[in-house]
Amino acid sequence: MSDDHYFSARPASADERRTISVRLADTDLTLETAPGVFSPGHVDTGTRVLLRTVPDPSGRVLDLGCGWGPITLTAALRSPDATITAVDVNERALDLLCRNVERANAVAPLAPIVAAVPDAVPDDARFDVIWSNPPIRIGKEALHELLMKWLPRLAPGGVAYLVVQKNLGADSLATWLADTGEGTGGWGAVQKVASAKGFRVLRVDAR
Ligand SMILES: C[S@@+](CC[C@H](N)C(=O)[O-])C[C@H]1O[C@@H](n2cnc3c(N)ncnc32)[C@H](O)[C@@H]1O
């Protein structure tokens, strides 16, 4: 697999940083991005659909596949009493996320944020809320593996919201989630809670 994917651990493209202006949780921010990470020029449309749909999170929040940080920062701005864990395999993305946390923190109070590669999160960590624009392009098998690793970590009463493009398989993923949750007991009900701009938001309840 090429090192140029946004989900490479160390993207091959030059790490040329630049700033972009974005508005997250009603807050104007100047944030850092770079090539080799997902949607470096703007907040992705699917991410925007997710952020418009989800209620304010509370408790232990996981941003699964955080990229340069739009979901993490929105959660941290909207719920300063929450604690956020931001994970990604892409080390450049994690570095950008940390810089963007510093930038946002200078503008508004943020919830505490821990940024980590997935293997650095303890196996017994549990989450009340998972928000994710998951990496569909890693392939179906790897995506299923990823979801089977993290969705069972929802605490009782917890809820995950995933945004998926319709033409990249949102409906078949919803079917797989419902069948696999029921079959393995790893998680509970699956619902389609929003549909906009070619994306669906799926809600998955804890088992
Ligand atoms: C579609 S992007 C979303 C990025 C960001 N949350 C956003 O909304 O702009 C998915 C992210 O998942 C990351 N990713 C890929 N495989 C992963 C894995 N196994 N564990 C955690 N993150 C992963 C990618 O590097 C990428 O940053």
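Read-outs: derived from the displayed coordinates by stated rules, not from any lab. No experiment lies behind these values; they were computed from the predicted model shown. Please note: Cβ atoms are built from the backbone with ideal geometry, for glycine as well, and neighbour counts cover all protein chains shown.
Quick check: convex hull of the Cα atoms in region 51-117, volume per residue, rounded to a whole Å³?
69
Could you identify which residue out of 114, 37, 164 has the top mean-square fluctuation in a GNM of the chain using Cα springs shorter than 10 Å?
Residue with maximal mean-square fluctuation among 114, 37, 164: 114.
Counting other C-beta atoms within 10 Å, which of 68, 176 has the fewest, and how do the rest follow?
Lowest to highest Cβ neighbour count: 176, 68.
At a 10 Å Cβ-Cβ cut-off, how would you order 205, 124, fewest neighbours first?
Sorted ascending by nearby Cβ count, the order is 124, 205.
Using +1 at the Cβ of each Lys and Arg and -1 at the Cβ of each Asp and Glu in region 43-206, identify which of 80, 186, 47 lies farthest towards the dipole's positive end.
Final value for the positive-end residue is 47.
If you rank 71, 138 by fewest surrounding Cβ atoms within 10 Å, what's the result?
138, 71
Please state the relative contact order of the chain as a whole percent: Cα pairs under 8 Å, 6+ residues apart?
18
With unit charges on the beta carbon (Lys/Arg positive, Asp/Glu negative), name the residue among 163, 89, 64 whose Cα is farthest towards the positive pole of the charge dipole of the chain.
163
Just to check, using Stokes-Einstein with a Kirkwood Rh over alpha carbon pairs, what's the diffusion coefficient of region 99-182 at 4 °C and 1.567 mPa s in µm²/s?
Answer from the Stokes-Einstein relation: 87 µm²/s.
Mind checking the full-extension length gain between residue 155 and residue 56? Use 0.36 nm per residue of separation minus the Cα-Cα distance, one decimal, nm.
Gain in length upon complete extension: 33.9 nm.
Return the distance in nm (one decimal) between the two label points of a simple spin-label model at residue 9 and residue 102, each offset 7 Å from Cα along Cα→Cβ.
Between residue 9 and residue 102, the label points sit 2.5 nm apart.
In angstroms, what radius of gyration and Dmax does region 1-110 have, counting Cα atoms only?
13.3, 40
Using a 10 angstrom cutoff on alpha carbons, build the Gaussian network for the chain and name the most mobile of 186, 158, 139.
Largest GNM mean-square fluctuation: 139.
Take every Cα-Cα distance within region 21-170, group them into 5 Å bins from 0 onward, and report for each bin the whole-number percent of pairs it holds.
Spelled out bin by bin, region 21-170 gives 2, 10, 21, 25, 23, 13, 6, 1, 0 percent.
Rounding to the nearest 20 debye, state how big the charge dipole of the chain is about its Cα centre with +1 on each Lys and Arg Cβ and -1 on each Asp and Glu Cβ.
Here the size comes out at about 560 debye.
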